[in-house]
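Here, each number is a calculation from the coordinates, and none is a lab measurement. Source: prediction; values computed, not measured. Please note: Cβ atoms are built from the backbone with ideal geometry, for glycine as well, and neighbour counts cover all protein chains shown.
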Amino acid sequence: MILIENLKVTYRTAAGPVEALAGVSFAVERGESCAVIGPSGCGKSTLLYVLAGLKQDFEGKVEVAGRTQIALILQHFGLLPWKNVWENVALGLKVRRLPPQEVERRVSFWLKNLGLYELRYLYPAQLSGGQCQRVAIARALVLQPDLLLMDEPFSSLDALTREALQETLLEIWQETRCTIVLVTHSIEEAVFLGQKVVLLSPRPGRVVAVYTHPLVGDKSWRHHPDFHLACTRIRQELSRAGEAKTG
Amino acid sequence: MNRYYSSLTACLALLVLWEVVARSLHLPALPPASQALVVFFKELPGPLGFNWLVSTYRVLAGMFLATVTAVPLGLFLGRCPQADRLLGPFFSLIYPVPKIVLVPLIMVIFGLGDAAKILLITLVLFFQILLPVRDGARHLSSYLVDAVTSLGVRGLAFYRHVVFPAVLPEVLTGLRVASGTAIAVLFFAETIASQEGLGYYLLDAWTRYAYPDLYAGVLAMSLLGFALHSFLEWLEHRLCHWKYL
């Protein structure tokens, strides 16, 4: 589904060029959920922007197979403050000029599915952080994406809302079988949601390790002994990568 | 609704104060409010009403022209840094020039009719709209832009759904703030070799020492400014209600 080979991204800043990604390679299978984790500034978000097609000046090879519908969900939701919940969710469909009945059907379906239907006439300023993120998820899902890209989608939410939304995301993933690439700095989130976890080094980002968690999707996975072992292993690997960088 | 009652109360208080001061001073140049109001209502179906309509037409036409030229240009400059780098310095240079100094020049080129007066108002308002619109479009949150672009919102749809609604509050605030200046400039322009408009009416009353007429004209001009300001405020609340949630 996704093949990334030797991806290099350099930003030109006033202080000179800054290398964000220095030869990142990994693959994500169709229908797989992949979490990318690493310290702040390691180029995680840059990687996502390259996959979303929002950043096009890079070196290396990035292949997304087939005619893929990509949707991106950002940390700060990116909702339009002047559109209500319904209008925000319908926007992507309207610009694709879908028939109004189809827009109505898809938007209603996902708003009901995510418990937002009653809030459809409210504006983002009238919603909580968790509700805003649900709207952002609905807005992405109405496009029926094959590839769902998420940039630290739950990091600005409180712990309970975050866990509830992580479980909602897993349900959606099992329902739609879309491919997910999720960028996070939370080890628990990466292990809970990522069948594959790609560990990046501090800037410039390189792949330090790739772990697989076949139990992802099972609701009891968060309480499984292997879950904590996987978290500990990643925490140690991240500390080692950080020390190697500073040392 | 309370705000409207407050405005009405303030207006009545001002009229009462005017009446009391005028009746105690007994100056010919300061007739009581009641006398000015009688002339105002008597003249409204006649010359005052006609000149009021002429001035209103000129202000509205100037506002319309300034909006339809400054908004698209501001949006374009805000989203196209190359064009802004090229044209921005010219606008920054012209913006602080008081447009009223151009009155003689504009009248020489465009004559003494409506065109010169409308153009003058357009000029005053143009920059008050252009610069906030440009800055608003330029400083759109990159988060919003990325999120919306990833949904496939591009080209004209991007301007329609994202850039224009984002700068609309700035457009209406710019118009509201500048409406007072626009009326002041119009008054000045209408006092120069003019045969129509509230400025002409006021100047005419002044030269005839017809003080109640003069005050009726002042009332009409104040009401024009108040009505414009209130209309634009109402429009802002109506079109940008999301800002007041």
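How large is the helix-only mean residue ellipticity at 222 nm for chain B, computed as the sum of -39500 (n - 2.57) over DSSP H runs with n ≥ 4, divided by its residue count, in deg cm²/dmol to the nearest 500?
Calculated mean residue ellipticity at 222 nm is -26500 deg cm²/dmol.
Reported to two decimal places, what Rg/Rh ratio describes region B:32-244 when computed on Cα atoms with Rh from the Kirkwood expression?
1.07
Rounded to the nearest 0.05, what FRET efficiency is calculated for A:R177 and A:R105 with R0 set to 22 Å and r the Cβ-Cβ distance?
0.65
Evaluate the Kirkwood expression for the hydrodynamic radius of the protein assembly as shown, namely the inverse of the mean inverse distance over all pairs of different C-alpha atoms, and round to one decimal in Å.
27.2 Å
Of all beta bridges DSSP finds with both residues in the protein assembly as shown, what is the antiparallel percent, to the nearest 5?
Bridges in the protein assembly as shown are about 50 percent antiparallel.
Please give the FRET efficiency for A:L122 paired with B:Y57, using the beta carbon to beta carbon distance and R0 = 45 Å, rounded to the nearest 0.05.
Calculated transfer efficiency: 0.60.
Starting from the Cα of A:L160, step 7 Å toward the Cβ, then list every residue of region A:110-147 with an amide N under 17 Å from that point.
Answer for this model: A:128-132.
Using the crude model of +1 on Lys and Arg Cβ and -1 on Asp and Glu Cβ, and no other charge, please compute the dipole size for chain B relative to its Cα centre, in debye to 20.
Here chain B has a charge dipole of around 520 debye.
Sorting A:C231, A:C34, A:C42, A:C178 on the 10 Å Cβ count, fewest up front, what's the list?
A:C231, A:C178, A:C34, A:C42
Which percent of the Cα-Cα distances in region A:108-247 go past 22 Å?
Distances greater than 22 Å cover 44 percent of the Cα pairs.
In the structure displayed, which of A:K55/A:K94; A:K83/A:K219; A:K112/A:K219; A:K83/B:K117 lie more than 32 Å apart, Cα to Cα?
A:K83/A:K219; A:K83/B:K117
Which ordering of B:I94, A:I234, A:I73 is given by a fewest-first count of other beta-carbon atoms within 10 Å?
Placing the least packed residue first, the sequence is B:I94, A:I234, A:I73.
Could you check what % of the DSSP bridge pairs in chain A are antiparallel, to the nearest 5?
Here the share of antiparallel DSSP bridges comes out near 50 percent.
Order by neighbour count: A:T46, A:T232, B:T181, fewest other Cβ atoms within 10 Å first, most last.
Going from sparsest to densest Cβ surroundings: A:T232, B:T181, A:T46.
Can you pull the semi-axes for chain A, root of five times each eigenvalue of the Cα gyration tensor, sorted largest first, whole Å?
Value: 30, 21, 17 Å, ordered largest first.
Going Cα to Cα from A:K61, which lysines come in below 17 Å? Please leave out same-chain ones fewer than 8 positions away.
Counting by Cα, and skipping residues close in sequence, A:K61 has these lysines nearby: A:K8, A:K44.
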